[in-house]
Amino acid sequence: MTSPLLELPGAVAGDGLDAPVAAHYGSFNVEQRALEAGEGFVDLSHRDVVRIAGPDRLTWLHSLTTQHLTGLAPGTWTGALVLSPQGHVEHALVGVDDGEAFVAHTEPGRAAALLEFLDRMRFMMRVELSDVTGELAVAWRPALRDPAVPHSGYELVPRDRLAAYAAAAGPAAGLWAFEALRIARGEPRFGLDTDARTIPNEVGWIPSSVHLDKGCYRGQETVARVHTLGRPPRRLTLLHLDGTENRLPAVGADLLHGDRVVGFVGSSARHHELGPIALGLVKRNVPLDAALVVDGMPAGQEAVVDPEVGLHVRPRLR
């Protein structure tokens, strides 16, 4: 699904997973400043889009995911996770209900596995599942984002109307600008800032994608236990990288404390004010003031997830 917006003046394609959309349109620093000022849009049309229709869709998804979805008001964007029985994150999606269907986007290439899982769990429920990536494209506009509402700012655009949308919503900002601002906010990206062992408590997905006051769902026991009694085994941290190096670390690169591997680096970017930054998943017992190294570059830490987060929520015992 290569974006037609790569034909816009100055467009430079992204890399790897993000190659189908523009990394930037000439200056990612200017584009970051425009987004921070509430102007323009970001083309995320390479993300997969799924549609769940039918009268049972919200109660069914409520029972399967970490999010409270019964009674979800039309037009309200929300995040949800599908966990393994052990509480590890298997799928992450962001979606909106229009009164007839719940439409959600996920990482490029992830729709097939998500729909396969959902199809296995359908049983006698009145739901219809479809991959609508070929019909709908994802975009993000800062003018639609409310900092107090997680996952706000997205909208769905008919894929054949992308060029007209860009002309009306411009100026266009590339993915490098979007990613730099996302990383600075400490928002993880599934599959880049997470691995197969990640639980929601480690990466700050409580409460943005996990509702703590809802009925049973797969993996809930792990989430609740860590939240109320324990501490997450790892924690997401914002890394400030040495700006003297003209490179960024690869996704998955080892984070070192001395000669010991204490975590890995996920996504990274060059922020127009903070300089080179990244998100890292670090073992809980690594001090916040510890100097880390990745790919030969010193990296200072700024807390995203409190390593003692579980100790702040104590159960009432009678």
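For the stretch 261-273, the set of residues classified as in contact (Cβ under 8 Å) with a residue 60 or more places away in the chain and under 22 Å from G14 (Cα atoms) consists of G266, S267, S268, A269, R270, H271, H272, listed by residue number.
Please go through the stretch 104-116 and give me each residue that is surrounded by 13 or more Cβ atoms within 10 Å (Cβ to Cβ) and either touching a His at 6+ places or on another chain (Cβ under 8 Å) or under 22 Å from V21 (Cβ atoms) (or both), ordered by number. Scanning the stretch 104-116 gives A104, H105, T106, E107, P108, G109, R110, A111, A113, L114. Of V313, V309, all but one fail to be out of contact with any strand residue (DSSP E or B) (no Cβ under 7 Å at 6 or more places or on another chain), modelled with pLDDT under 95, of a type in the set (V, I, T) and surrounded by fewer than 17 Cβ atoms within 10 Å (Cβ to Cβ); the exception is V313. The lone criterion from (1) farther than 20 Å from D193 by Cβ; (2) under 18 Å from the mean Cα position of the chain (by Cα); (3) in a helix (DSSP H, G or I); (4) not basic (K, R) left unmet by T76 is number (3). For the stretch 93-107, the count of residues that are more than 24 Å from D195 (Cβ to Cβ), part of a loop (DSSP other than H, G, I, E, B) and not acidic (D, E) is at least one.
Looking only at residues that are outside any strand (DSSP E or B) and crowded, with 20+ Cβ neighbours inside 10 Å in the stretch 232-280, which one is modelled with the lowest pLDDT? Within the stretch 232-280, the match that is modelled with the lowest pLDDT is P232.
Within the set R234, R218, the sole residue that is of a type outside the set (A, V, I, L, M, F, W, C), in contact with a Pro (Cβ under 6 Å, 6 or more places away or on another chain) and outside the structural domain of L81 (by TED's automatic domain parsing) turns out to be R218. Taking L236, is it in contact (Cβ under 8 Å) with a residue 40 or more places away in the chain and within 29 Å of G87 (Cα to Cα)? Yes; evaluated as a whole, the condition is true for this residue.
Within the stretch 42-54, one or more residues are in a loop (DSSP other than H, G, I, E, B), over 20 Å from E7 (Cα atoms) and modelled with pLDDT of 95 or more.
The values are calculated or read from the model by the stated rules, or taken from the named source; none is laboratory data. Because the structure is a prediction, the values reported are computed rather than measured. Cβ sites come from the backbone with ideal geometry, for glycine too, and all protein chains shown count toward neighbours.
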